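So the structure is just underneath, and the comments pick up after that.
The values are calculated or read from the model by the stated rules, or taken from the named source; none is laboratory data. Keep in mind that what you see is a predicted model, and the values were worked out from it rather than measured. So basically every Cβ, Gly included, is an ideal-geometry build from the backbone, and we count neighbours across all protein chains shown. For accessibility, only protein heavy atoms count, side chains too; no ligands or nucleic acids. Shrake-Rupley method; radii C 1.70, N 1.55, O 1.52, S 1.80 Å.
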Amino acid sequence: MGIQFGDVVFYRRVDKGIRDQFMRSAVRAAQERMRTSRLRAAEELGDWEEWRRLGEEIRRHTLEHLDYYLEQLSDRVHALGGHVFFAQTAEEATSYIRDVVQKRDARRIVKSKSMVTEEISLNDVLEAIGCRVVETDLGEYILQVDDHDPPSHIVGPSVHKDRERIRRVFAEKLGYTGSAEPEEMTAFVRQQLRPDFLTAEVGITGCNFAVAESGTVCLVTNEGNGRLVTSLPPVHIAVMGMERIVPTWEELEVMVGLLCRSAVGQKLTSYINCLTGPKAAGDVDGPEEFHLVIIDNGRSDILGTEFQSVLQCIRCGACLNVCPVYRHIGGQAYGSIYSGPIGAVLSPLLGGEDLYRELPYASSLCAACTEACPVNIPLHDLLIRHRQKTAEEKRQSPLGERLAMKAFGMVAESPRLYRWGTKLARTALLPWEEDGVIRQGPGPLQPWTSIRDLPSPERETFREWFENRRKRGERP
Amino acid sequence: MIYNREAFLERIARKLGRPRISEPVKRPSHWKHGPQWRTLAGATPEELLSVFERQCRMIHTDVRRTESSSLPDVLLETIRSYDGKSVICSDDPRFAEFGLSSLFATQDNPYGLDVHIWNPEKGKINIERAEQADVGIAISDITLAESGTVVLMSGGGKGRSVSLLPRYFIAIVPLSTLVPRMTQAARMIRERIERGEAIPSSVNFISGPSNSADIEMNLVVGVHGPVKATCIVVTDR
């Protein structure tokens, strides 16, 4: 689906999110639970601040020496008999993967959840050559069956759907006849997917972390679908963002611990699967052919800039779970597979500033995201930098906003105009007022009032109030 | 094969504002912070065991404790509690050391079990048998107390599917394999790498049964892998 999906107009997406009462309560509940588990897990661990500093130190060191570690990683994988493809662009990556699939004459593909393959629209490319691509993570599977509904959370892509919606989708698309009980629906999915795992010719996964020293690819899952995808099909293609790398197993261990705790509040998820090369001589299960595709796709343009620290991200989603804006508008409103605060920082960098210019404004700058980040990315600072760039360097803030600010500047500079303006504002806004609040404001006020209430201008302006007090002899 | 590497890495170096790194990078052997080494440091085996047992229950894993001499009985009892008739187990010399040879007899099994022992020479049949088996049994190579995790190293007779495809999974946990947390396991694996040894093509850290919380955040077990898991801790020294 690519990084971008849905309506291109940000305010319309927000509006849709705000109106979806069910989604809002589902997202709120999910957010609460994940946030609470994360806090409990951090507390159990103790020394959480020290852990975060260690995580940050490791990620920074790796990024500063990224070319070295990627070279070491690729040498290792090659020595083990695997193939490594460095892809500068999404097209390079997808055409390489398409070639691998075509060379095997493969038609059946199973995937485990991966953000980066979404980013490069891999499924579309493979489906275009006649492959059946099955997402095997339960949340991703639900979205895929539901006509490729976009994800709304980095860790729990289908948190916006309730069990009844899921039951209906399964019934309509797959002929499911059971109840809306999660246990029964899950058992149904298990039955549906087992044959796919056993007959697939290619398995595709992401890569949570790669270990440079040993050439290992590490997958963190709870369901074990990552294990099935990498144990049964004869070909395994792992796709990784170029920054998802650590020097050795000792750093891997630290990062995996931080990821599991920050993402789902577990000490470790059910399966941490560490794969080194294709299957060894004498192994029965495991792929005979292994490909690692390392993707830039805009990441190198972030290196050496004020945004470099965003590449420290380990995709845990902790920042989403504390964000008041995400809570109100839901993940789909971001129009990017990367939602929440990290999405608001990352999407303009990877998906293009033109497309995602508004996202950095979808933030209250309360810094809760920065505080939640397990690798100390200063997310709210980066959001401000984005805004500064938009406003100052590019001078491309939305036209309405620029005109309004210009008009405000003119009016505010002249005391007489200002007095007139503030008096007039109340009269002018009366048609939209309801109980002292402007509900669906006109023009430039609309985006604001559709999200939150704007108090009506006071009947008495400050100057009038001051004058009146003075006349009544009250002390200022 | 390695494709397109040079231009890709050159670009990274250029963006970082320096030439390509030609000398090996000295990874800090001591990071400024080292909280991972303090967790459960100095805990006795008995203390580690109680942490392990407590954590197993948290992650919906049954845990039993036994002496080496009663292991066959406890294991059989567990298999029967799962109504297990067909069993697949890895080919691990430790099974014989624990006196499990008669339990795992593949011909005329005295307990009426249909047993398959993973045998690389039989190829894909192993996977078919694993898919049909009620119970998969493996012995933990390293066990992490903090997270209730068994670590399984693949290779030869130790197929990945044994712990993955059957409906139930039983891990035998020798007490001697117990360490505080993933930190120690990672160090042990790294020592092998530093000695120039090959590491297994698959190292699995398994903590409880397969599960998911994708439907309204409800925890459901057995989405893809085993529906239930048991750890049998055996005193081996």
* **Complete set of residues in region A:149-158 that are among the aliphatic types (A, V, I, L, M) and either open to solvent by less than 20 Å² (accessible area, probe 1.4 Å) or at pLDDT 95 or above (or both)** => A:I154
* If the Cβ limit is 7 Å and pairs must be 6+ apart or interchain, which residue in region A:79-93 that is under 20 Å from A:T230 (Cβ atoms) pairs with which residue that is in a helix (DSSP H, G or I)? -> A:V84/A:S74; A:V84/A:V77; A:V84/A:H78; A:F85/A:Y96
* Only residues in region B:104-125 that are in contact (Cβ under 8 Å) with a residue 40 or more places away in the chain count as the first member; pair them with residues that are surrounded by fewer than 14 Cβ atoms within 10 Å (Cβ to Cβ), Cβ under 9 angstrom, at least 6 apart or cross-chain, and list the lot. => B:I117/B:T106
* Among the residues of region A:119-148, write down those that are of a type in the set (D, E, K, R), surrounded by fewer than 23 Cβ atoms within 10 Å (Cβ to Cβ) and under 30 Å from B:L219 (Cα atoms). => A:R132, A:E140, A:D146, A:D147
* Evaluate region B:6-25: report whether one residue or more is open to solvent by 70 Å² or more (accessible area, probe 1.4 Å) and of a type in the set (A, V, I, L, M, F, W, C). => yes
* Here are A:N225, A:N208: which of them is within 22 Å of A:S121 (Cα to Cα), within 7 Å of chain B (Cβ to nearest Cβ) and of a type outside the set (D, E)? -> A:N225
* Name the residues in region A:162-181 that are open to solvent by less than 50 Å² (accessible area, probe 1.4 Å) and under 27 Å from the mean Cα position of the chain (by Cα), would you? -> A:D162, A:I166, A:V169, A:F170
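Tally time: how many residues in region A:126-151 are over 23 Å from A:R104 (Cβ atoms), in a loop (DSSP other than H, G, I, E, B) and within 12 Å of chain B (Cβ to nearest Cβ)? Don't jump to the end; show me each part of the working.
Initially, region A:126-151 is screened for residues over 23 Å from A:R104 (Cβ atoms), giving A:137-143, A:145-151.
If we keep only those that are in a loop (DSSP other than H, G, I, E, B) too, we end up with A:137, A:146-151.
Restricting the remaining residues to those that are within 12 Å of chain B (Cβ to nearest Cβ) gives A:137, A:151.
Qualifying residue count for the region: 2.
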* Can you confirm whether region B:46-53 contains a residue that is more than 8 Å from chain A (Cβ to nearest Cβ), exposed (fewer than 12 other Cβ atoms within 10 Å of the Cβ) and touching a helix residue (DSSP H, G or I) at 6+ places or on another chain (Cβ under 8 Å)? => no
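Do you know which of the residues in region B:226-237 that are outside any strand (DSSP E or B) and open to solvent by 10 Å² or more (accessible area, probe 1.4 Å) is farthest from B:S154 (Cα to Cα)?
Initial filter on region B:226-237 (outside any strand (DSSP E or B)): B:226-227, B:236-237.
Now drop any that are not open to solvent by 10 Å² or more (accessible area, probe 1.4 Å), which leaves B:227, B:236-237.
Working: B:V227: 21, B:D236: 22, B:R237: 25 Å.
Filtering first and then ranking leaves B:R237.
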* Asked: With (1) over 30 Å from A:R194 (Cα atoms); (2) assigned to a helix (DSSP H, G or I); (3) within 12 Å of chain A (Cβ to nearest Cβ); (4) among the β-branched types (V, I, T) as the list, and B:T39 as the residue in question, which single condition is left unmet?
  -> (2)
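Quick check on this structure: which one of A:L54, A:L63 is in contact with a Ser or Thr (Cβ under 9 Å, 6 or more places away or on another chain) and within 11 Å of chain B (Cβ to nearest Cβ)?
Numbers: A:L54 fails: in contact with a Ser or Thr (Cβ under 9 Å, 6 or more places away or on another chain).
Going through A:L54, A:L63 in turn, just one is in contact with a Ser or Thr (Cβ under 9 Å, 6 or more places away or on another chain) and within 11 Å of chain B (Cβ to nearest Cβ): A:L63.
Does A:V217 fit the bill of being in a strand (DSSP E or B) and more than 7 Å from every other protein chain (Cβ to nearest Cβ)?
Numbers: in a strand (DSSP E or B): yes; more than 7 Å from every other protein chain (Cβ to nearest Cβ): yes.
Yes; evaluated as a whole, the condition is true for this residue.
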* Asked: Among the residues of region A:2-24, is there at least one that is among the small types (G, A, S), touching a Phe, Trp or Tyr at 6+ places or on another chain (Cβ under 6 Å) and over 22 Å from B:M217 (Cα atoms)?
  -> no
* Do we find that A:E71 is free of Cβ contacts under 8 Å to residues at least 60 places away in the same chain and facing chain B (nearest Cβ under 8 Å) in this structure? -> yes
* Asked: Is it fair to say A:V189 is part of a helix (DSSP H, G or I) and surrounded by fewer than 21 Cβ atoms within 10 Å (Cβ to Cβ)?
  -> no
* Looking only at region B:224-234, which residues are in contact with a Pro (Cβ under 9 Å, 6 or more places away or on another chain) and at the interface with another protein chain (Cβ under 7 Å from one of its Cβ atoms)? -> B:G225
* Does region A:89-97 contain at least one residue that is among the aromatic types (F, W, Y) and closer than 30 Å to B:E194 by Cα? -> no
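Please tell me if A:E44 is under 20 Å from A:V375 (Cβ atoms), at pLDDT below 95, more than 20 Å from the chain's Cα centre (by Cα) and within 11 Å of chain B (Cβ to nearest Cβ). Steps first, please.
Working: under 20 Å from A:V375 (Cβ atoms): yes; at pLDDT below 95: yes; more than 20 Å from the chain's Cα centre (by Cα): yes; within 11 Å of chain B (Cβ to nearest Cβ): yes.
Yes.
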* To do: Could you tell me which residue of region B:198-225 is surrounded by the fewest Cβ atoms within 10 Å (Cβ to Cβ), considering only residues that are of a type in the set (A, V, I, L, M, F, W, C) and modelled with pLDDT of 95 or more?
  => B:I199
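Here is a list: B:R167, B:R195, B:R129, B:R160. Which entry is at pLDDT 95 or above and at the interface with chain A (Cβ under 9 Å from one of its Cβ atoms)? So that I can check it myself, show each step before the final result.
Working: B:R167 fails: at the interface with chain A (Cβ under 9 Å from one of its Cβ atoms); B:R195 fails: at the interface with chain A (Cβ under 9 Å from one of its Cβ atoms); B:R129 fails: at the interface with chain A (Cβ under 9 Å from one of its Cβ atoms).
Of the residues listed, the single one that is at pLDDT 95 or above and at the interface with chain A (Cβ under 9 Å from one of its Cβ atoms) is B:R160.
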* Structure fact -> Within region A:21-66, the count of residues that are among the aromatic types (F, W, Y) and within 17 Å of A:R327 (Cα to Cα) comes to 1
* Structure fact -> Across (1) within 13 Å of another protein chain (Cβ to nearest Cβ); (2) surrounded by 24 or more Cβ atoms within 10 Å (Cβ to Cβ); (3) part of a helix (DSSP H, G or I), A:V110 clears everything bar (3)
* To do: Please state which one of B:S70, B:S101 is without any contact (Cβ under 8 Å) to a residue 40 or more places away in the chain, open to solvent by 20 Å² or more (accessible area, probe 1.4 Å) and assigned to a loop (DSSP other than H, G, I, E, B).
  => B:S101
